[in-house]
Amino acid sequence: MIIKTSITLLCSLFGLALVAVGQPLPYLKEPSFKAGEELHYRLRYGVVSAATGVLKVEDSKIKFSSPHSYHLSARGSTSGTFSIFYTVDNRYDSYIDSRTFLPHYYTENIREGNYRRTDIVRFNHPKRTVQGNKGTFKSESAQTFDLLSAYYFARNLDLSNIKPGHSFKLTYFLNDEIATLGIEYIGIEQIKTPLGTLECLKFSPEIAPGRIFRKDSRLYLWVTNDGNRIPVRAHVEILIGSVTLELTNAKGLKHPLGKRLEGVSK
């Protein structure tokens with residue numbers, strides 16, 4: 001169970017985002033990413049490499065009501081000896097409006113051990129509804145995301161006025177349910193990564209204690225304090241050991257990695 005939850009955490013971390021409560025969220029006019037971006041991640045259970053993940057941005061070949069859309073994709077799978085005991089091969093796809101970054105259409109193809117699930121989700125933002133496998137759901141928020149589109153929307157938020165201790169809420173649709181996720185901003189830290197030492201914004205998303213997480217466990221997420229705003233590291237202590245997600249390679253970035261731009265937190 002610990003191994004399974006640790007691997008699934010890899011894909012869940014792709015969707016962590018920062019959104020304020022109770023009002024439409026302001027975002028930068030120019031996106032922090034571009035078509036051709038590709039991010040590679042590695043998940044470690046303790047010191048053992050357990051899984052890998054790849055996120056990509058492409059111009060959408062599917063046409064929607066918006067003039068231009070992006071196709072976002074994420075794939076997470078077990079690696080090395082972990083594949084012998086438990087196999088995960090999950091694929092996530094989201095098609096978003098390139099102007100508002102809101103999702104049009106989202107799919108999941110889940111393959112975890114003997115478990116299989118395919119989800120197809122459609123968003124109607126003017127009506128604030130989400131259509132999933134089990135019907136149509138009403139959202140109270142004007143901005144509702146799937147996990148993947150939430151991640152990319154968050155990268156484009158204006159965080160210039162954020163201060164340590166500020167908390168946020170994310171509204172997202174997952175497993176035929178609309179839910180929220182609380183996130184606290186901690187501050188700025190220098191983080192050593194496989195791509196060098198980077199100045200990062202540090203956040204702490206909510207987690208629920210249980211069979212995997214200790215009562216005092218906290219999940220921490222580090223995001224580059226530059227024009228790209230990409231997560232480079234996530235870490236959480238669990239009942240037995242710890243789980244760490246780290247960026248191992250980045251291609252096709254819109255901005256130089258680690259170079260602070262105007263409007264980025266100090």
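The values are calculated or read from the model by the stated rules, or taken from the named source; none is laboratory data. Predicted model only: the values in this text are computed from it and were never measured. Neighbour counts run over all protein chains shown; Cβ positions are idealised from the backbone, glycine included.
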Search result, residues across segment 118-147 that are among the charged types (D, E, K, R) and modelled with pLDDT under 90
Glu140
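Let's see how each residue does on (1) without any contact (Cβ under 8 Å) to a residue 60 or more places away in the chain; (2) surrounded by fewer than 18 Cβ atoms within 10 Å (Cβ to Cβ):
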| site | (1), (2) |
| --- | --- |
| Arg128 | yes, yes |
| Lys134 | yes, yes |
| Ser141 | yes, no |
| Asp158 | no, yes |
Tell me whether segment 91-103 contains one or more residues that are within 17 Å of Ala51 (Cα to Cα) and not small (Gly, Ala, Ser).
yes
Going by what's in this entry, would Gly187 be described as touching a Pro at 6+ places or on another chain (Cβ under 9 Å), free of Cβ contacts under 8 Å to residues at least 60 places away in the same chain, at positive phi and not basic (Lys, Arg)?
yes
Would you confirm whether any residue within segment 160-182 is of a type in the set (Gly, Ala, Ser), crowded, with 19+ Cβ neighbours inside 10 Å and touching a Gly at 6+ places or on another chain (Cβ under 6 Å)?
no
Mind checking which residues of segment 69-86 are touching a residue at least 40 places away in the same chain (Cβ under 8 Å), hydrophobic (A, V, I, L, M, F, W, C) and farther than 18 Å from Val54 by Cβ?
Phe85
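Looking at Asp89, Asp93, can you tell me which residue is assigned to a strand (DSSP E or B), charged (D, E, K, R) and in contact (Cβ under 8 Å) with a residue 24 or more places away in the chain? I'd like the intermediate steps shown before the answer.
Numbers: Asp89 fails: in contact (Cβ under 8 Å) with a residue 24 or more places away in the chain.
Every option except Asp93 fails the conditions.
Is it the case that some residue within segment 28-49 is of a type in the set (S, T, N, Q) and free of Cβ contacts under 8 Å to residues at least 60 places away in the same chain? Give the derivation first.
We begin by selecting, within segment 28-49, every residue of a type in the set (S, T, N, Q); these are 32, 49.
Going one step further and asking which of them are free of Cβ contacts under 8 Å to residues at least 60 places away in the same chain, we end up with 49.
Yes, there is a match, as at least one residue in segment 28-49 is of a type in the set (S, T, N, Q) and free of Cβ contacts under 8 Å to residues at least 60 places away in the same chain.
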Restricting to segment 213-252, and then to whatever is surrounded by fewer than 20 Cβ atoms within 10 Å (Cβ to Cβ), assigned to a loop (DSSP other than H, G, I, E, B) and not polar (S, T, N, Q), can you tell me which residue is modelled with the highest pLDDT?
Gly252
Scope segment 102-121; condition more than 22 Å from Tyr27 (Cβ to Cβ) and not in a loop (DSSP other than H, G, I, E, B); matching residues:
Thr107, Glu108, Asn109, Ile110, Arg111, Glu112, Tyr115, Arg116, Arg117, Thr118, Asp119, Ile120
In this structure, does Leu195 turn out to be within 25 Å of Lys56 (Cβ to Cβ) and at pLDDT 90 or above?
yes
Check whether at least one residue in segment 155-166 is part of a strand (DSSP E or B), among the charged types (D, E, K, R) and either out of contact with any Leu (no Cβ under 8 Å at 6 or more places or on another chain) or farther than 30 Å from Ser65 by Cβ (or both), and report yes or no.
no
I want to confirm something. Restricting to segment 183-210 and keeping residues that are over 30 Å from Glu140 (Cβ atoms) and of a type in the set (S, T, N, Q), which single residue is surrounded by the most Cβ atoms within 10 Å (Cβ to Cβ)?
Thr193
Failed item in (1) touching a residue at least 60 places away in the same chain (Cβ under 8 Å); (2) closer than 24 Å to Arg218 by Cβ; (3) outside any strand (DSSP E or B), with Thr171 passing the rest
(3)
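Within segment 134-154, track down each residue that is part of a loop (DSSP other than H, G, I, E, B) and of a type in the set (Gly, Ala, Ser). Outline the logic, then answer.
As a first pass, look at segment 134-154 and keep what is part of a loop (DSSP other than H, G, I, E, B): 134, 139-144, 146.
Matches in segment 134-154: Ser139, Ser141, Ala142.
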